[in-house]
Amino acid sequence: MTDSKSETAHLTTANQKTYAGFVAIVGKPNVGKSTLLNTMLGVKVSPVTSKPQTTRRGVRGINTSDDRQAVFVDTPGLHQAKDALGKFMNQEIHGTLSDVDAIIWVVDLRRPPGDEDRLVARAIQGFTNPLWLVGNKLDAAKYPGEAFDAYSKLLEREDFNRVMLSAKENPKAVASLLEEVMHALPENPFFFPGAGKSDQSREQWAGEIIREEAMNTLSEELPYSVATRVLKWEANAEGMQVIEAEIVVEKVQHRKIVVGSEGRMIKQIGQRSRKQLEVFLNARVYLALEVVVIRDWRSDVEALRELGYE
């Protein structure tokens with residue numbers, strides 16, 4: 001994480017005992033980390049698609065209740081990096097794990113552990129603070145108990161919490177998990193004042209909504225070469241939110257695909273994004289999208305910085 005606890009901590013009322021901590025949500029790609037976070041918070045702060053590696057940077061979701069505050073960090077899926085973007089994503093994970101008070105390791109109960117799960121297990125070995133092993137997608141698993149036992153054996157410690165649930169289908173189980181985590185937080189001042197649910201800027205959040213819809217709309221391979229950035233956001237005289245944003249691709253032929261025949265694809269992405277934005281903002285939205293090419297941006301460190309991956 002870019003900000004240490006000492007940099008982000010805020011004083012609370014004198015003599016009021018409070019409990020707060022950073023909680024990492026880790027796991028291989030596409031196991032439901034973002035869905036779990038969004039369900040715990042009751043609002044979408046992290047993009048969700050059926051495609052792996054949707055989350056690219058550590059997204060912080062904040063839950064504050066009375067005298068307790070959990071700052072959840074939804075990390076990218078740990079995987080074998082193939083380019084500079086992949087290396088950045090893995091660095092985000094390891095950087096997060098070095099400065100958290102608890103970890104939630106999310107695994108997919110539909111299948112036994114694989115190489116990427118073993119990468120995660122190795123990354124959290126030696127962690128002595130509270131740890132939850134959360135078996136997700138329980139509703140679709142044929143042999144959840146056997147799969148869960150196999151994941152448990154990857155951990156060297158015995159004193160971890162065991163939970164099986166479906167983040168998408170079982171909000172009561174998610175609420176119970178949230179309560180457990182909140183009561184395991186150490187005594188600390190709150191790190192973020194107010195009742196906000198995320199530390200993202202509104203531009204970052206809107207950009208992730210647009211990227212989510214682009215990934216959901218585009219074909220199998222192209223989504224991974226798509227980035228987004230919001231260039232301008234203002235309200236007009238009628239109160240409509242006017243947002244100008246770019247969808248960034250790596251190749252000219254990719255731009256043609258994203259735009260689509262007679263602009264149909266970019267129109268569809270824009271319509272879906274606008275609907276989501278209007279729901280969450282509770283306001284009318286005018287969304288202007290442009291597709292631009294930054295050649296091989298995923299392998300270009302400078303381009304990654306320009307797009308906010310730093």
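For this structure, a couple of remarks:
- Restricting the first member to the range 151-166 and to residues that are without any contact (Cβ under 8 Å) to a residue 60 or more places away in the chain and acidic (Asp, Glu), and the second to residues that are surrounded by 16 or more Cβ atoms within 10 Å (Cβ to Cβ) and in a loop (DSSP other than H, G, I, E, B), the beta-carbon pairs closer than 9 Å and six or more apart or on different chains are ASP159/PRO130.
- Filtered by the rule that a residue be loosely packed, with under 13 Cβ neighbours inside 10 Å and part of a helix (DSSP H, G or I), the range 276-287 gives a lone residue, VAL279.
Listed here are the residues, each with its yes/no results for (1) modelled with pLDDT under 95; (2) polar (S, T, N, Q); (3) in the same structural domain as LEU178 (by TED's automatic domain parsing).
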position	(1), (2), (3)
ASN90	yes, yes, yes
THR96	yes, yes, yes
ASP108	no, no, yes
GLY114	yes, no, yes
ARG122	yes, no, yes
ASN129	yes, yes, yes
GLY135	no, no, yes
ALA150	no, no, yes
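- First in the range 18-39 and within 17 Å of PHE148 (Cβ to Cβ), second anywhere and assigned to a helix (DSSP H, G or I), Cβ under 7 Å, 6 or more apart: VAL26/ILE93; VAL26/VAL120; GLY27/LYS33; GLY27/VAL120; LYS28/GLU116; LYS28/ASP117; LYS28/VAL120; LEU36/VAL174
- When the range 208-243 is limited to residues that are aliphatic (A, V, I, L, M) and part of a loop (DSSP other than H, G, I, E, B), the one that is modelled with the highest pLDDT turns out to be MET240.
- Contacts under 8 angstrom Cβ, first residue in the range 272-290 being in contact (Cβ under 8 Å) with a residue 60 or more places away in the chain, partner assigned to a strand (DSSP E or B) and exposed (fewer than 14 other Cβ atoms within 10 Å of the Cβ), 6 or more apart: none
- Selection count where residues are exposed (fewer than 15 other Cβ atoms within 10 Å of the Cβ) and more than 22 Å from SER34 (Cα to Cα), scope the range 151-169: 5
The values are calculated or read from the model by the stated rules, or taken from the named source; none is laboratory data. Remember, it's a predicted structure, so these values are computed and weren't measured experimentally. For neighbour counting, all protein chains shown are included, and Cβ atoms are generated from backbone atoms with ideal geometry for every residue, glycine included.
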